[in-house]
1. Name the longest site-free stretch of the chain, where the excluded sites are GluC sites (Glu not before Pro) in a DSSP loop with no more than 15 other beta-carbon atoms within 10 Å.
2. How much net charge surrounds Gln84 when only other residues with a Cβ under 12 Å from its Cβ are counted (Lys, Arg +1; Asp, Glu -1)?
3. Of all accessible surface on segment 57-138 at a 1.4 Å probe, what whole percent is carbon and sulfur?
4. Could you rank Asp98, Asp61 by how accessible they are, 1.4 Å probe, largest area first?
5. Of Lys62/Lys92; Lys36/Lys129; Lys8/Lys62, which pairs sit farther than 20 Å apart, going by alpha carbon to alpha carbon?
6. Based on the alpha-carbon set only, what is the convex hull volume of the chain divided per residue, in Å³?
7. Please compute the net charge surrounding Tyr39, taking Lys and Arg as +1 and Asp and Glu as -1 over other residues with Cβ under 13 Å from its Cβ.
8. Compute the distance from the alpha-carbon center of segment 96-113 to that of segment 6-20, in whole Å.
Amino acid sequence: MKSIFTDKATEPSEKDLQQALGTTFIIWEALAEFTKESYPNYIESWHFSGDKYGWSFRISDKKRVLIYLLPRDGFFKAAFNFGQKATDEILKSEISEDIKSELKAAKVYAEGRGIRIDVKDKADYDDLKRLITIKISN
């Protein structure tokens, strides 16, 4: 499934994002703000990944992306790549078994294991904050 924003010539605005995400916009903002407060030297940017994927939003440090926020119609996905040390920490944590199962099942690449979590309500909000904290600390 690709981004709801697919026009390469038009970077999404905050108004576009609010309209696309609906009630999940406040969760997007809260996760972005939590990430920025947790890592004050953040870099944020919209990125167009090609016609197949469309626009995504990234919050990074100088070397890696801390969280990808992927807008969809009425919701968004939060995506992460975790190295082995972070993966081990997540698997020992209080994070939900569903997220742990997805992480265990993820294919291992040079940059780590990638997972995407659908955010349609606040159900996974605390786990997402824990994942951000683990990502920043590893």
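1. So the longest stretch without any such site is 1-93.
2. Here the charged neighbours net out to -1.
3. Percent of accessible area from carbon and sulfur atoms in segment 57-138: 46.
4. Asp98, Asp61
5. Lys62/Lys92; Lys8/Lys62
6. Each residue corresponds to 111 Å³ of Cα convex hull volume.
7. Summing Lys and Arg as +1 and Asp and Glu as -1 gives +3.
8. Here the two parts' Cα centres lie 30 Å apart.
The values are calculated or read from the model by the stated rules, or taken from the named source; none is laboratory data. Quick caveat: nothing in here was measured; it's all calculated off a predicted structure. Positions of Cβ are generated from backbone atoms using ideal geometry, with glycine treated the same way; all protein chains shown enter the neighbour counts. Just so you know, the surface numbers come from the protein's heavy atoms only, side chains and all, with ligands and any DNA or RNA stripped out. Shrake-Rupley method; radii C 1.70, N 1.55, O 1.52, S 1.80 Å.
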